[in-house]
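**Q** Here it is, the structure in full.
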Amino acid sequence: MEAQNSQFKTKIGLIAATLGSAVGLGSIWRFPAEAQQNGGGAFLLVYIVCVLVLGIPVMVAETALGRAGRSDAMGVFKALSPKTKWWIGGLFGVVTSYLILCFYMVVAGWTLEYLWSSITGTLYSSGADLSRAAMDATYHSRMEEYISSDSSPLIATWIMIIINIGVLLMGVQKGIERCSNIMMPMLFVLLLLFGIYSISLPGSAEGLEYFFKPDFSKISWGVVGNALGQTFFSLSLGMGILVTYASYYPKSTNLVGTSVTVSLLTTVVAILMGVIIFPTVFSYNMDLEQLRGTTLVFVTLPEVFAQMPGGRWWSILFFTLLLVAALTSTISIGEVSVSFIQRRFRKSRIVATLIVLLPLFILSALCSLSFGSLSGVKIFGENIFNFLDMFTTNYLLPITSILAVLFIGWFAPKGVLRNEITNGGRIMGGLSPVVEGVIKYLAPVLILIIFIYGII
Ligand code: TRP
């Protein structure tokens, strides 16, 4: 969404735009990978609890902040509490958004490559007549080879950065959004179809059990910490995006209702992805341990497509939709930094966009090469990509989210939170003290506990 003083015209448009930022690689690529690495059903359960108990309240807090302050990630703190240092919280969000963009762009590049090779047909040139095991090996080694090479993933990543620069410069976000209003529902329907197909594969029951039946012995603080991070990541929390979006919400928007709708729809997408991925993995007897979480989606989905009648076309359709979903998210992340530079340092949009996105050519390259030439470079035992992913998601997002709930709950001028939740006393009635209580007490305490235990 462009930084302008317009407001959303319709309720649907407002939800669609917020959803456009939320649904992206987080739910589609990252969620299944995290589920696989954190015990399947156990992770799903904890994730759902995190969305309900923490994701939704933090989203209400961020949107309340944005609509009350009517400004960007940092500006809202200044608008509501001019003489304090709370704006540092906003600054933190901007930095986090930037770091996320570094590795997110790389995965967007992979998506581009898989779209391209679906179009040219090379992705499916040998797939269909292979046995299951051979096919598994083929797609597995294809992805491994692809990301461990240096040049092609890097070029794909750079192309994605250039596309982002183009969109941000030309200010065609509106156009992209209009596309995404059509494409998001399409993506939804497509995932539903793939899910049904995947359940129909022989042996799928085992996969469904793995994904839906929680093995309670697998739940640890580490798993809870990862689920919390995934919650913030997939709902676009903790970086001021929703603050910015909500500053365009009309006064009549029901913030709690909107947050519940957006959170639940995003979660449905994540669950659909699990339903697509895990039955396939079991049906093909893939070795779950062997699959690197990061590559899971790029190995499993082509296998499904290779088996489906007309698979190549499904593949083209899917990766196109995924690319658009990724683009609406990268733009929403990029917009935080661009509008920050633009307002704060009074730069023109062109200069601000270049200041923000040019360094990304190098920073994203480091992430992209961390599976290739730079795979030897380890930070706390992880390569650069995985370290950055883990560090931003599990550490920075919870911190910025805590700051947001603490600020709106305790430090913003009295009554702001209630006023935003109830739209000046017109809606929510008896429920509003409950929502307020969750935001003021439960959310900060719980996030802090999970955060502390998750680290140790
Ligand atoms: N939520 C998006 C996704 O799932 C990514 C994203 C967009 C994001 N904006 C964000 C993540 C803000 C964290 C914070 O793909």
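**Q** Taking every pair of Cα atoms in the stretch 175-313, average 1/r, invert it to obtain the Kirkwood radius, and report Rg/Rh to two decimals. All intermediate terms of the calculation are to be shown ahead of the outcome.
**A** On the way: Rg = 17.8 Å, Rh = 17.5 Å.
Across the stretch 175-313, the Cα-based Rg/Rh ratio is 1.02.
**Q** Follow-up question, since we're still on this one. For the stretch 12-119, with only Lys/Arg (+1) and Asp/Glu (-1) charged at the beta-carbon, what is the dipole magnitude about the Cα centre, in debye rounded to 20?
**A** Charge dipole of the stretch 12-119: 500 debye, to the nearest 20.
**Q** Need one number: convex hull volume per residue for the chain, Cα atoms only, in Å³.
**A** 135
**Q** Along the charge dipole of the chain, which of 91, 327, 234 sits closest to the positive end, that is, farthest toward it, with unit charges on the beta carbon of Lys, Arg, Asp and Glu (+1, +1, -1, -1)?
**A** Result: 91.
**Q** Follow-up. Residue farthest toward the positive end of the dipole of the stretch 177-320, with Cβ of Lys/Arg at +1 and Asp/Glu at -1: which of 248, 211, 188?
**A** 248
**Q** Can you count the Lys pairs in the chain whose Cα atoms are under 30 Å apart, with each pair 8 or more apart or on different chains?
**A** Close lysine pairs found across the chain: 29.
**Q** Determine the distance separating the Cα centre of the stretch 407-429 from the Cα centre of the stretch 294-335; give it in Å without decimals.
**A** So the separation of the two Cα centres works out to 40 Å.
**Q** Let me ask you something else. Give the shape of the stretch 1-144 as rounded, prolate or oblate, defined through the alpha-carbon gyration tensor: a ≥ b ≥ c are the square roots of its eigenvalues, a/c under 1.5 means rounded, and otherwise the shape is prolate if a/b is larger than b/c and oblate if not.
**A** Working: a/c = 2.53, a/b = 2.05, b/c = 1.24.
Note, shape of the stretch 1-144 comes out prolate.
**Q** In the chain, which whole DSSP H runs stretch at least 27 Å along their own axis (Cα) and average 0.5 or higher on the Kyte-Doolittle scale?
**A** Membrane-span-like by this criterion, though nothing is claimed about a membrane: 87-120, 151-170, 173-199, 255-283, 311-344, 349-369.
**Q** Could you give the longest part of the chain that holds none of the trypsin sites (Lys or Arg not before Pro) found in DSSP loops with at most 13 neighbouring Cβ atoms within 10 Å? The partial results should precede the final answer.
**A** Details: sites that count: 9, 83, 85, 251, 346, 378, 414, 426.
Between the exposed loop sites, the longest stretch runs 86-250.
**Q** For the stretch 107-235, with only Lys/Arg (+1) and Asp/Glu (-1) charged at the beta-carbon, what is the dipole magnitude about the Cα centre, in debye rounded to 20?
**A** Approximately 420 debye in magnitude.
**Q** From zero up to wherever the largest Cα-Cα distance of the stretch 330-425 sits, split into 5 Å bins and tell me the percent of pairs in each.
**A** Pairs per bin, as whole percents: 2, 11, 11, 13, 15, 16, 13, 8, 5, 3, 1, 0.
**Q** Using +1 at the Cβ of each Lys and Arg and -1 at the Cβ of each Asp and Glu in the chain, identify which of 29, 60, 116 lies farthest towards the dipole's positive end.
**A** 60
**Q** Considering amide H positions built from the backbone, and no H for Pro or chain starts, which residues 5 or more places from residue 74, or on another chain, come under 5 Å of its amide H?
**A** Those qualifying (amide H under 5 Å, at least 5 residues apart or on another chain) number zero.
Each value in this text was obtained by applying a stated rule to the coordinates, not by laboratory testing. Everything quoted here is computed from the prediction, not taken from an experiment. So basically every Cβ, Gly included, is an ideal-geometry build from the backbone, and we count neighbours across all protein chains shown.
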